[in-house]
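S.K.: Structure below; questions to follow.
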Amino acid sequence: MKFPVQTSPHVEAQSSVAGVMTTVLWALVPGTVVAIWLLGWGVLFNVALAVGTAWLAEALMLWLRARPFHPALTDRSVLITGWILALCLPNLGPWWLPVVGSLFAVVVAKQLYGGIGYNLFNPAMVGYVVLLVSFPEAMTRWGAALDGGAAELSLTEAASWTFFGALPPGSGFDALSQATPLDQLRMVVTEGGSVANMGGSIWSMDSSWSLWLNLAFLAGGAWMLYRGAIRWHIPVAMVVGVLATSSLLWAIDPDQFADPAFHLLAGGVIFGALFVATDPVTASTTPRGRLLFGFGIGALAVLIRSFGNYPDGVAFAILLMNLAVPLIDYYTQPAVFGRKSGAASRGAGE
Amino acid sequence: MWMAILLAVGLAVLFGVVLGIAAQVFRVQGNPLADRIDELLPQTQCGQCGFPGCRPYAEAIAKGEADINRCPPGGESTIRNLADLLDVEFKPLDEDLEVQEVKKLAVIDEEVCIGCTKCIQACPVDAILGAAKQMHTVIEAECTGCELCVEPCPVDCIDMVPVDEGVEAYRFPLPESAHPVVTRGFGLRPEEPVNA
Amino acid sequence: MPEARVAVSEGLYGFHGGLHIEDHKAPACERPVEDMPLVDEYVLPLHMHIGAPAIPVVEPGERVRRGQLLARPDDFVSAAIHAPTSGTIRAIEPRALPHPGGLSAPSIVLAADGEDREAEPFDPWPDFRDRSPVEIRSRLREAGIVGLGGAVFPTAAKLATANPGGVETLVLNGAECEPYISCDDRLMQEEPETILRGAQVILHAVDAARCLIGIEDNKPRAVAAMQAVIDRLAAEEDERRFEIKVVPTIYPAGGEKQLIRTLTGIEIPRGRHVTDYRMLCLNVGTTAQCWRAVVEGRALTERIVTVAGGGVTDPRNLRVRIGTPMADVIEAAGGYTEGVDRLLMGGPMMGFALHEDEVPVVKATNCLLALRPADRDPTPTPQPCIRCSRCAEACPADLLPQQIYWYSRAEQFERCQDYHLFDCIECGVCSAVCPSHIPLVQYFRHAKTEIWYAERERAKAEHARRRFEFHNERIERQKAEREAALAKKRAAIQAAQEKKAREQAGEGGGQPAASSGDGDDRKAAAGMSIEAARQRARARKAKAREQSPNTVSGGGQRSTGEGRDTGHSPGAEGDS
């Protein structure tokens, strides 16, 4: 009897890419629900538009590149890209922000590099940064959270705002955008004010929504850790990087620099640490390399926030560290079996 | 303004001096390029490239007098290695040369051999053993498969025989999945059970 | 031989990575080992061990008996092959091997006569303790004993790597960590004494002080059976060198280096022998065969094979003669079930898929595993690596398989070696955990074999280049010598030269120079006939050719005469 030739492995598959991606998608749910509750329906529109565009763009690009849809499209990775990008966008932004961002992320940052597994940079962050530098005004349309904020808008009002840029006639709501805490920090930094003087307002805003959102993301992160979709190294190292760098700066001059707790809770640090920096394709893969990678992101994010031109530096920090990954991986190879220092010496005959 | 110009000129002079010194200090002796090319060639000494042996061909490539795609025994992999070394584009084997798929060795039909020693003269690596009017034989381990002995034989008693390299020389192929599927559409479905 | 018990380290050490995996050992391991009935034809590949192929010592048509030597070891690392039953040698010809590439290789084909008559055994040595280590090693060599865990390294050669008295610990490998396989488990349950007696032989041969027996904790009956014999030996013979270490069931706990690390905490790097660390590691099946070879005088002609998987009707362990066609073994286990599409030699992790079942059971065949698609996931399409590094977390050799994969696929083999490709033990854990279902081990095997191939090619090219350079040098020197000699002779005996040239047109003008090397001038001056000189040159040249053409300067000078004789020197010059 003849058999077709097959290569190993010959055992049951232990996991699949689609399975990993599904875990991540479920982990995004609590944060997204809380974001909708806090920031209104605009978040939902962002997610729907970004995910839908990303999926269509992936399909189109696969077709153009003459690659089969299965398994590239069915592995759900592109949904994550769109979703993560959407969660970075302002809740009162126009409809074309998620569309343009997703298109750029999937077409340029992912598919033109060769599709999943081949992209050097995190696609969602590339999309976000492109939007940030191209449409700085639209990217600041954050509506206030909760009472008196964008969450007050009804579904139709929010849809009208997102798609037509205006509230339906008769709506009494004044959806004014408002500066985020990080924007305020930026103003202080650029205009020479004192961080300490604005401390109260930062904390009032933070406690209003940032904390809840971060807790929801943490819940998702715990789920991913439990399911083995991510490892602890990068998030922990990134948080340590943020805390260490900001503590150092704060110790030097508390007037000029915000305190560590603010840096940790404001902006995208927790979200980025759990969902973006842990993207396996663009992150470092060795245990030591992951620590270095995460710490680098945290440190760079704080430096960019403190000295740079943009309010939040997490996206830039992630992209910069993406660039360093091949180097990090090469120099942080684990010691191979039998070559660990001292491991073999005990029994060696010589 | 003047300061900037001065600075630029100063830097240019500085770098020029540094580079000049470096060129002297780290000067490489001889012609290592030809050596390195020679190392990549299969050393069959077959002369199919048009040069009398691998070394002359290597020197010609180093001087830019010969193209990298003129070595049939080396095949595609040698051309790729040369392209890598010289940082030029890969090109397929020159059209006037014949692609050599399998490795072959010369075998003398000892019944027919008349002992003329012509093949011994032709062999570039002295791999043929024999004496005038005595039967000749090829030392298998030394033969490079260059075929130079085939032509001179007046009785056509030399055959090029494909080498059986044995189990030890087995090379595992890359899995089929190493090459991306190029197809538009849904793509591969999970494998169906196969009944032989 | 009473020995003080060597203090063993408390607890175990474990190793990095590994995989908890469904073991599938039942139902085969629930049934006693049965004898496989004789078949009509046996095929014995000459190369079924690590090292040089064996050299046949029988001719087609010869009648042989079971245990009779068919092929002798060719080298220090090589193993003898014996007739698995009595019969007639049908042929010595290339036959399909159990090989991942489906290759064929020279094999001895034995037509069985069904009588199964035994040949005269080796001298039995019940008193093996009176035999020297050298005698025991040569017996193991004569009996064709190789490692039966799957590596098939000749046991005699393995023992010889130990310096006399240089082994402190013998590690018996009864871990058998691969799913489905239970041949060692059954052997430990049924013949624990043979295993331990065999271990005593080895302990004696290497003068080791203790023997650690590593058994996975999923084999309680094997542990109990072995412990019972150990206790009895301790009570009856004061044999206290044995100690069972029950190791956790985590694949690949039975890998030699992983087991040693688990038991002793010592990591043996690539390129070092286990014996460098005063240890020796043998499979339990191997020591049982050592007992039979040394004490009973019987050669290795059979082994236990697990026939398992959803693809066979009646999974079980069979005692199979080496050389039995696998199709017959499957038949003896009830035949295939519906839908079988894959036959493996070895386990599902390290085994390889066979192209066909008409290949023989060899010494390395510990398992025949027939699988249906239902027994594994239907092979999913491999996807690009997402660098999740689960492979690195699971790798028992602490490698970064995802990086090696990347470079193997790009055929950047030097980079593969930067990432320690050759430390890979091909255990298959990385392929099994990969969420992208990439056949990683196949990539690594590809890279390894390509690197070996390239190294061989480089060595060959280097050799050819040296010979070519020498060839050119020789041609140059001959030319120079010839010209010098010619000038000399022209001056000395110009008249004779001209006369000879007229007589022998076509033979070329330089014949006298042929014998320029030694005393020819004097001869010529003495007026010796040209013809005589030519005869002498010829004779000398013939003699030179009989000797090695490699002979450096001597060979070169002598062939001067030959070149001139046949008048082809111009051609030779043109070559250079």
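S.K.: So how many residues does segment B:45-65 have that are more than 7 Å from chain C (Cβ to nearest Cβ) and either surrounded by fewer than 24 Cβ atoms within 10 Å (Cβ to Cβ) or in contact (Cβ under 8 Å) with a residue 60 or more places away in the chain (or both)?
M.R.: 13
S.K.: Identify, from the list A:Ala299, A:Ala317, A:Ala324, the residue that is within 19 Å of A:Val129 (Cβ to Cβ) and buried (at least 24 other Cβ atoms within 10 Å of the Cβ).
M.R.: A:Ala317
S.K.: Sticking with this one: Could you give every pair whose Cβ atoms fall below 7 Å, whose first residue belongs to segment A:276-288 and is over 16 Å from C:Tyr405 (Cα atoms) and more than 7 Å from chain C (Cβ to nearest Cβ), and whose second residue is charged (D, E, K, R) and surrounded by 24 or more Cβ atoms within 10 Å (Cβ to Cβ), counting only separations of at least 6 or pairs across chains?
M.R.: A:Ala283/A:Arg290
S.K.: Look at segment B:77-93 and say how many of its residues are in a loop (DSSP other than H, G, I, E, B) and either modelled with pLDDT under 85 or among the basic types (Lys, Arg) (or both).
M.R.: The number of residues fulfilling the criteria is 1.
S.K.: For segment C:192-296, which strands (runs of 3 or more DSSP E) that fit wholly inside it have 3 or more residues that are within 14 Å of chain A (Cβ to nearest Cβ) and closer than 29 Å to A:Arg339 by Cα?
M.R.: C:279-283
S.K.: May I pose another question? If we keep just the residues of segment C:58-73 that are surrounded by 19 or more Cβ atoms within 10 Å (Cβ to Cβ) and out of contact with any Leu (no Cβ under 8 Å at 6 or more places or on another chain), which is farthest from C:Glu302 (Cα to Cα)?
M.R.: Per the stated criteria, the residue is C:Pro73.
S.K.: Which residues, taken from segment A:310-332, are away from chain C (no Cβ under 14 Å), in contact (Cβ under 8 Å) with a residue 40 or more places away in the chain and not in a helix (DSSP H, G or I)?
M.R.: Within segment A:310-332, A:Tyr310, A:Pro311, A:Asp312 qualify.
S.K.: Out of (1) over 30 Å from B:Ala141 (Cβ atoms); (2) outside any helix (DSSP H, G or I); (3) among the polar types (S, T, N, Q), the odd one out for B:Thr44 is which?
M.R.: Condition (1) is where B:Thr44 drops out.
S.K.: Which condition breaks for C:Asn163 when tested against (1) buried (at least 23 other Cβ atoms within 10 Å of the Cβ); (2) within 14 Å of chain A (Cβ to nearest Cβ)?
M.R.: Going through the list (1) buried (at least 23 other Cβ atoms within 10 Å of the Cβ); (2) within 14 Å of chain A (Cβ to nearest Cβ), C:Asn163 breaks only (1).
S.K.: Then there's this: Starting from segment C:349-370, keep only residues that are over 16 Å from C:Asn317 (Cβ atoms) and within 12 Å of another protein chain (Cβ to nearest Cβ), then list their pairs with residues that are aromatic (Phe, Trp, Tyr) and surrounded by 24 or more Cβ atoms within 10 Å (Cβ to Cβ) whose Cβ atoms are within a distance under 7 Å, requiring at least 6 positions of separation or different chains.
M.R.: C:Met349/C:Tyr251
S.K.: Consider C:Gly310 against the criteria (1) in contact with a Leu (Cβ under 8 Å, 6 or more places away or on another chain); (2) surrounded by 24 or more Cβ atoms within 10 Å (Cβ to Cβ): it satisfies all of them except one. Which criterion is unmet?
M.R.: Every listed condition holds for C:Gly310 apart from (2).
Conditions tested, residue by residue: (1) of a type in the set (Phe, Trp, Tyr); (2) more than 14 Å from chain B (Cβ to nearest Cβ); (3) assigned to a loop (DSSP other than H, G, I, E, B).
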residue	(1), (2), (3)
C:Lys25	no, yes, yes
C:Val43	no, yes, no
C:His49	no, no, yes
C:Ala71	no, yes, no
C:Ile89	no, yes, no
C:Gly102	no, no, yes
C:Ser107	no, no, no
C:Phe122	yes, yes, yes
C:Pro126	no, yes, yes
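S.K.: Right, C:Arg278: on the phi > 0 side of the Ramachandran plot and surrounded by 20 or more Cβ atoms within 10 Å (Cβ to Cβ) or not?
M.R.: Yes, satisfied.
S.K.: While we're on this one: So C:Gln383 passes all but one of these: (1) within 7 Å of chain A (Cβ to nearest Cβ); (2) farther than 30 Å from C:Val340 by Cα. Which condition number does it fail?
M.R.: Every listed condition holds for C:Gln383 apart from (2).
S.K.: Hey, among the residues in segment B:109-122 that are touching a strand residue (DSSP E or B) at 6+ places or on another chain (Cβ under 8 Å) and either away from chain C (no Cβ under 14 Å) or assigned to a loop (DSSP other than H, G, I, E, B) (or both), which one's farthest from B:Cys71 (Cα to Cα)?
M.R.: B:Glu110
S.K.: Right, another one. Determine if segment C:161-168 includes at least one residue that is of a type in the set (Val, Ile, Thr) and within 30 Å of C:Glu34 (Cα to Cα).
M.R.: no
S.K.: Are any of the residues in segment A:99-115 surrounded by fewer than 24 Cβ atoms within 10 Å (Cβ to Cβ), over 22 Å from A:Gly221 (Cα atoms) and in contact with a Phe, Trp or Tyr (Cβ under 7 Å, 6 or more places away or on another chain)?
M.R.: So far as segment A:99-115 goes, yes, one or more of its residues are surrounded by fewer than 24 Cβ atoms within 10 Å (Cβ to Cβ), over 22 Å from A:Gly221 (Cα atoms) and in contact with a Phe, Trp or Tyr (Cβ under 7 Å, 6 or more places away or on another chain).
S.K.: Which one of C:Ser436, C:Ser408 is under 17 Å from C:Arg390 (Cα atoms), among the hydroxyl-bearing types (Ser, Thr, Tyr) and surrounded by 24 or more Cβ atoms within 10 Å (Cβ to Cβ)?
M.R.: C:Ser436
S.K.: With respect to the numbered conditions (1) surrounded by fewer than 17 Cβ atoms within 10 Å (Cβ to Cβ); (2) within 30 Å of C:Pro384 (Cβ to Cβ); (3) modelled with pLDDT of 95 or more, which one is the sole condition not fulfilled by A:Arg227?
M.R.: Unmet condition: (3).
S.K.: Here is a further query. Pick from C:Ala447, C:Ala496, C:Ala459, C:Ala480: which is within 30 Å of C:Leu399 (Cα to Cα) and more than 9 Å from every other protein chain (Cβ to nearest Cβ)?
M.R.: It is C:Ala459.
S.K.: Here is a check on your reading of the model: is C:Tyr277 under 29 Å from C:Arg316 (Cα atoms) and of a type in the set (Phe, Trp, Tyr)?
M.R.: Criteria not met by C:Tyr277.
S.K.: Let me ask something additional. Scan segment B:140-183 for residues that are within 24 Å of C:His47 (Cα to Cα), of a type outside the set (Phe, Trp, Tyr) and assigned to a loop (DSSP other than H, G, I, E, B) and jot them down.
M.R.: Those that are within 24 Å of C:His47 (Cα to Cα), of a type outside the set (Phe, Trp, Tyr) and assigned to a loop (DSSP other than H, G, I, E, B): B:Glu140, B:Ala141, B:Val163, B:Asp164, B:Glu165, B:Gly166, B:Arg171, B:Pro173.
S.K.: Going through C:Asp123, C:Asp127 one at a time, which residue ends up being over 22 Å from C:Pro56 (Cα atoms) and without any contact (Cβ under 8 Å) to a residue 40 or more places away in the chain?
M.R.: Within the list C:Asp123, C:Asp127, the selection yields C:Asp127.
S.K.: In this structure, is B:Val125 under 16 Å from the mean Cα position of the chain (by Cα) and either more than 14 Å from chain C (Cβ to nearest Cβ) or part of a loop (DSSP other than H, G, I, E, B) (or both)?
M.R.: The answer is no for B:Val125.
S.K.: Another question, if that's okay. A:Gly19 fails exactly one of the following numbered conditions: (1) under 21 Å from A:Leu103 (Cα atoms); (2) assigned to a helix (DSSP H, G or I); (3) not polar (S, T, N, Q). What is the number of that condition?
M.R.: It is condition (1) that A:Gly19 fails.
The values are calculated or read from the model by the stated rules, or taken from the named source; none is laboratory data. Since the model is a prediction, treat every value here as computed from it, not as a measurement. Every residue, glycine among them, receives a Cβ derived from its backbone with ideal geometry; neighbour counts consider all protein chains shown.
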